[in-house]
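Asks: Can you keep this structure in mind? I'll have questions shortly.
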Amino acid sequence: MSATLPPPSAEPRTTADPTTTADPTTTDAPEFVDVATRPETRGIEVVRPSERHGRARDLFAVWAAPNVSVLNFTIGATMILLGLELWQALAVIVVGSLPWILTGIVAISGPAAGTSGSVVSRAMYGIVGNKVVIALTGWLLSAVFLALNWLASSFLGAELLAGAGLTDPVLVPVLVTVVVSAITVLVAVYGHALILRTYPAVTIALVVVFLAATAFFLPHVDWGYRAPAPLEGVALWSAVTVGFTILAATPLSYINSPDMARYLPRSTKPSHIVAATALGGALPSILFTGVGALLATGLDAAAMDAGIESGMLGLFPAWFVPIFVIAVIVNTVALNGMTTYTSSMALQSIGIPLKRIPAAIVVGVIGTALTIYLVMSTSLLGAVNLMLQVLVVVIAPAMAIYVTDIAMRRNRYDGVELLDQERGGPFWYRGGWNVAGITAAVVGGLASSLFLTTDAWAGPIAEAMGYLDLSVPVGVVVAAGLYLGLSRSRVNRPALDVPAPDRGPRA
């Protein structure tokens, strides 16, 4: 191999980590068939050329279905609550969707490596370092997002059941959560082929229902809306930057996008993958987050205090309420099904000795427990805003490092080498840690936190600047710059020229 590798470790080479669910370097294993009618047993193993299938445009629906979401209404309403004028809120919503391009870029590493993104990131952090990073970004944060989305369906499901006389404010949302999470885990168990086959129909159905909901909202929109106290100067820019951070958190959190693309043939054009992924996520997000901002102009203070999820139901005719709530639950299953699916592979990549299906069940149980806690302790609006802002401290640097690594390597990844966990292997670096990646992630996160503004806490630099929230651009620039600089220095020189022939696992 002609790659420039880090210095070989002086420690003796050992056998591969036994927690890997299958040996990716053997050719005598039966060929895997990815079909929607049976559970997917494949985990982080390399997808061989003969098993590749699909087209880049299939990814559009995979990302659109999860993002036709009631959380978009909630986040859109937040833009108005921040004090922005309607046109300012809509402009921020469009700009806040630009990070979807990064989600699309990261996705191209899936077909290149033929394995999960949580394995590809070993190139960035090293075999041991990656376990730490993925335990946070690929698993713990996924559990948080599972909870946020289940929380939305729990509140709305409880509102619907209240009409049938089931009014317990804790027990009913908990029961809804348990039922929805069980269905979600089932989707994750059947996995990639089921998602690919069903999400186009799910997208169409959700768009129809959400457009109908929009039609019921429009008569209540105050098209001449003016903020009660128009913002100017630093106060205005503070609201704009906080709004951008909340919006950008969603696309930045999807570092798992390679997982949904890894079955595509290696010959698939990267530009098509980027476009399908980015547009699939961005278009419904922009549309329905904008609708949420419009909706907020027509709700009174009492309705907003009660929660936008409750206020919007009061604008629907009685016959439409159950249809909308069911659509919200379907969206939740679509989003969390994909999140649980990718999180199960994250568990495998950090060394948990589980096959993918049991790992998916474990992720579902943890997410359900967190949701039940949130149901009993918080409101949907408060939970969404605070968690999305705080999470960018972690996810913005991680996304920047991933995109930078793709650019440096020209998207050349070898799945077999990435799954080699032996000491002294191509991605062992120094003691299993890539100094460049770990340093960039930590310093980028710390820098981001200094510029973060939330209701609960503000970074000292953000506070000094009048509560401007520059956590996303600072985290991205610092992490990407450090990673690039350290990777090119003598401190830690990663393998930037890994060849990527289109071949199956070696014998």
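Asks: Does Pro494 fit the bill of being more than 17 Å from Ala396 (Cβ to Cβ), buried (at least 23 other Cβ atoms within 10 Å of the Cβ) and modelled with pLDDT under 95? Even if it seems obvious, please write down each step before you answer.
Replies: Values: more than 17 Å from Ala396 (Cβ to Cβ): yes; buried (at least 23 other Cβ atoms within 10 Å of the Cβ): yes; modelled with pLDDT under 95: yes.
When the stated conditions are applied, Pro494 passes them.
Asks: Do the conditions hold for Trp139, that is, is it closer than 14 Å to Ala346 by Cα and not basic (Lys, Arg)? Show your work before the answer.
Replies: On the way: closer than 14 Å to Ala346 by Cα: yes; not basic (Lys, Arg): yes.
Spelling it out, Trp139 is indeed closer than 14 Å to Ala346 by Cα and not basic (Lys, Arg).
Asks: Also, I was wondering about something else. Consider region 117-129. How many of its residues are within 12 Å of Ile44 (Cβ to Cβ) and either part of a helix (DSSP H, G or I) or among the aliphatic types (A, V, I, L, M) (or both)?
Replies: Step one: of region 117-129, the residues within 12 Å of Ile44 (Cβ to Cβ) are 117-122.
Those still in the list that are either part of a helix (DSSP H, G or I) or among the aliphatic types (A, V, I, L, M) (or both) too: 117-120, 122.
Here the count works out to 5.
Asks: Within the bounds of region 348-355, is there any residue that is hydroxyl-bearing (Ser, Thr, Tyr) and modelled with pLDDT under 90?
Replies: Residues of region 348-355 hydroxyl-bearing (Ser, Thr, Tyr): 349.
Now drop any that are not modelled with pLDDT under 90, which leaves none.
Checking region 348-355: not a single residue is hydroxyl-bearing (Ser, Thr, Tyr) and modelled with pLDDT under 90.
Asks: Does at least one position in region 230-242 carry a residue that is modelled with pLDDT under 95 and either touching a His at 6+ places or on another chain (Cβ under 6 Å) or within 26 Å of Ile323 (Cβ to Cβ) (or both)?
Replies: Among the residues of region 230-242, not one is modelled with pLDDT under 95 and either touching a His at 6+ places or on another chain (Cβ under 6 Å) or within 26 Å of Ile323 (Cβ to Cβ) (or both), which makes the answer no.
Asks: Here is a further query. Give all pairs with beta carbons closer than 6 Å in which a residue from region 346-361 that is more than 25 Å from Val178 (Cα to Cα) meets a residue that is in a helix (DSSP H, G or I) and of a type in the set (D, E, K, R); count only pairs at least 6 apart in sequence or on separate chains.
Replies: Going by the 6 Å Cβ cut-off, the qualifying pairs are Ile350/Lys131; Gly351/Lys131.
Asks: Tally up the residues in region 13-51 that are of a type in the set (Ser, Thr, Tyr), at pLDDT below 50 and within 26 Å of Leu196 (Cα to Cα), please.
Replies: The first filter runs over region 13-51 and keeps only residues of a type in the set (Ser, Thr, Tyr), leaving 14-15, 19-21, 25-27, 37, 41, 50.
Now drop any that are not at pLDDT below 50, which leaves 14-15, 19-21, 25-27.
Next cut, within 26 Å of Leu196 (Cα to Cα) only: 20-21.
The number of residues fulfilling the criteria is 2.
Asks: Every residue in region 317-337 that is outside any helix (DSSP H, G or I) and crowded, with 24+ Cβ neighbours inside 10 Å, please. Spell out how you get there, then give the answer.
Replies: Going through region 317-337, the residues outside any helix (DSSP H, G or I) turn out to be 317-319.
Listed by number, the list is empty, since nothing qualifies.
Asks: Pairs only if they're at least six apart or on different chains, beta carbon under 7 angstrom, first in region 35-61 and more than 15 Å from Ile357 (Cα to Cα), second outside any helix (DSSP H, G or I) and among the hydrophobic types (A, V, I, L, M, F, W, C); list them, first residue then second.
Replies: Val46/Leu419; Glu51/Phe32; Arg52/Leu264; Gly54/Leu264; Ala56/Leu264
Asks: Which condition number in (1) among the polar types (S, T, N, Q); (2) touching a residue at least 12 places away in the same chain (Cβ under 8 Å); (3) not in a helix (DSSP H, G or I) is the one that Thr177 fails?
Replies: Every listed condition holds for Thr177 apart from (3).
Asks: Across region 370-423, what is the total count of residues that are assigned to a helix (DSSP H, G or I), at pLDDT 90 or above and over 17 Å from the mean Cα position of the chain (by Cα)?
Replies: Counting residues in region 370-423 that are assigned to a helix (DSSP H, G or I), at pLDDT 90 or above and over 17 Å from the mean Cα position of the chain (by Cα) gives 10.
Asks: Let me ask something else. Can you find a residue in region 167-190 that is modelled with pLDDT of 80 or more, closer than 30 Å to Asn411 by Cβ and buried (at least 24 other Cβ atoms within 10 Å of the Cβ)?
Replies: yes
Asks: Scan region 124-143 and give yes if some residue there is surrounded by fewer than 18 Cβ atoms within 10 Å (Cβ to Cβ), of a type in the set (Val, Ile, Thr) and within 22 Å of Ser253 (Cα to Cα), otherwise no.
Replies: Among the residues of region 124-143, at least one is surrounded by fewer than 18 Cβ atoms within 10 Å (Cβ to Cβ), of a type in the set (Val, Ile, Thr) and within 22 Å of Ser253 (Cα to Cα), which makes the answer yes.
The values are calculated or read from the model by the stated rules, or taken from the named source; none is laboratory data. Values in this document were obtained by computation on a predicted structure and should not be read as measured data. Cβ coordinates were reconstructed from backbone atoms using ideal geometry, including for glycine residues, and neighbour counts include every protein chain displayed.
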